[in-house]
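What follows is one structure encoded as structure tokens, with my remarks underneath.
The values are calculated or read from the model by the stated rules, or taken from the named source; none is laboratory data. Only a predicted model underlies this, so the values are computations on that prediction, with no experimental measurement involved. Please note: Cβ atoms are built from the backbone with ideal geometry, for glycine as well, and neighbour counts cover all protein chains shown.
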Amino acid sequence: MTVSRAMVLERYGEPLAMRERPPPKPGKNEIRVRVSACGVCRTDLHVIDGELPKVPLPLVPGHEIVGYVDELGEQVEGLARGDRVGIPWLGHTCGQCSYCRSGAENLCDRPLFTGYTRDGGYATHAIADAHYVFKLGSNLPDQNLAPLLCAGLIGWRSLRATGAARRLGLFGFGAAAHIIAQVARFEGRRVFAFTRPGDVESQEFARKLGVEWAGGSDETAPEELDAAIIYAPVGALVPRALRALRKGGVVVCAGIHMSDIPAFPYEWLWGERKIVSIANLTRDDGETFFKVIPAMDIHTTVTTYPLAMANQALDDLRKGRLVGAAVLMTGE
């Protein structure tokens, strides 16, 4: 192996460029992974568009990585060459701040994020902290596992934030919602899907996954909801979701970025309704999720692209042309 290929962000807001470079070398407590598949997440768009706090470029995006360990750094234990692993968004935490010490490492003051503050998986090879990867024992193909590394994990954390809600609304029926709708139904919840107004294709897709009702976000569900999860990065959905809730219900904002939330009357929040956000994930989230997911018989719907077509995959995601999730097949 003489070169590694990567789709690189060199200027914010511009298309990624294919570049060749020497293979990265793992440092202490790190592994190098030969990437097989990397999901394309809406957060990647936020990174590429510069909507998150800007970090120095160049950068390789991508944080839904499935691959195979091909080199071990010093002091790596519990992993071997050839192991199939998943690399998620949370790439490293300091272990020393008050959040890390209290079990809230997702709120760490000095974290590293895969595909944002460290290079990610739009590449043939990626480096990861060995303590922050997940062994993947599922029989699912690599491309079907990839969306579980963020859409699935953030979906899982957002679902847990709804408590025991029985009537669950999902606003934005893309990669995360199509996974979590299946999880919620497995848990015996009733699921109501809200899509872009007029998006008949996504509504039909939701019905095929067994949701009880599917309609546009400008429509009213047939019953009051116990909880709503917003996956679309649209702040205007927050007051709409609040209006759909019963008293005591919760709106969970699951994205890392959202447009501004418009003003709304206090009475829509009153009645002990709540709005909460989801930030990142913990390793415990991942360990738990990947233990329970095989029993749920979850099926991910994916559209695959070769690595060189990353810009096309991103454009299809941006323009709402996808059903389910996009995945780059990056392996050689």
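Some values worked out for this structure:
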read-out	value
Check on Leu317, touching a Gly at 6+ places or on another chain (Cβ under 9 Å), over 21 Å from Pro88 (Cα atoms) and either surrounded by 14 or more Cβ atoms within 10 Å (Cβ to Cβ) or among the acidic types (Asp, Glu) (or both)	no
Residue in region 74-83 that is under 22 Å from the mean Cα position of the chain (by Cα) and surrounded by 15 or more Cβ atoms within 10 Å (Cβ to Cβ) present	no
Among the candidates Glu77, Glu20, residue that is assigned to a loop (DSSP other than H, G, I, E, B) and either assigned by TED's automatic domain parsing to the domain that holds His125 or among the small types (Gly, Ala, Ser) (or both)	Glu77
Residue list for region 300-327, filter: more than 30 Å from Gly103 (Cβ to Cβ), part of a loop (DSSP other than H, G, I, E, B) and within 16 Å of the chain's Cα centre (by Cα)	Thr301, Leu322, Val323, Gly324
Hey, Ser36 under 21 Å from the mean Cα position of the chain (by Cα), more than 15 Å from Asp315 (Cα to Cα) and of a type in the set (Gly, Ala, Ser) or not	yes
Only one of Glu272, Glu267, Glu287 that is closer than 26 Å to Val191 by Cβ, in a helix (DSSP H, G or I) and not polar (S, T, N, Q)	Glu287
Long-range neighbours under 6 Å by Cβ, at least six apart or interchain, first residue within 19 Å of Ile278 (Cα to Cα) within region 214-229, second charged (D, E, K, R)	Asp226/Arg166; Asp226/Arg167
Some residue of region 307-316 being at pLDDT 95 or above, farther than 27 Å from Ala221 by Cβ and of a type in the set (S, T, N, Q)	yes
Hits in region 1-50 - residues which are touching a strand residue (DSSP E or B) at 6+ places or on another chain (Cβ under 7 Å), over 22 Å from Val85 (Cβ atoms) and touching a residue at least 40 places away in the same chain (Cβ under 8 Å)	Val8, Leu9, Glu10, Leu16, Met18, Ile48
Selected residue (only one of Leu328, Leu317, Leu269 is closer than 30 Å to Leu242 by Cβ and touching a residue at least 40 places away in the same chain (Cβ under 8 Å))	Leu317
All positions within region 134-164 that are within 15 Å of the chain's Cα centre (by Cα), aliphatic (A, V, I, L, M) and closer than 26 Å to Ala80 by Cα	Leu145, Ala146, Leu148, Leu149, Leu153
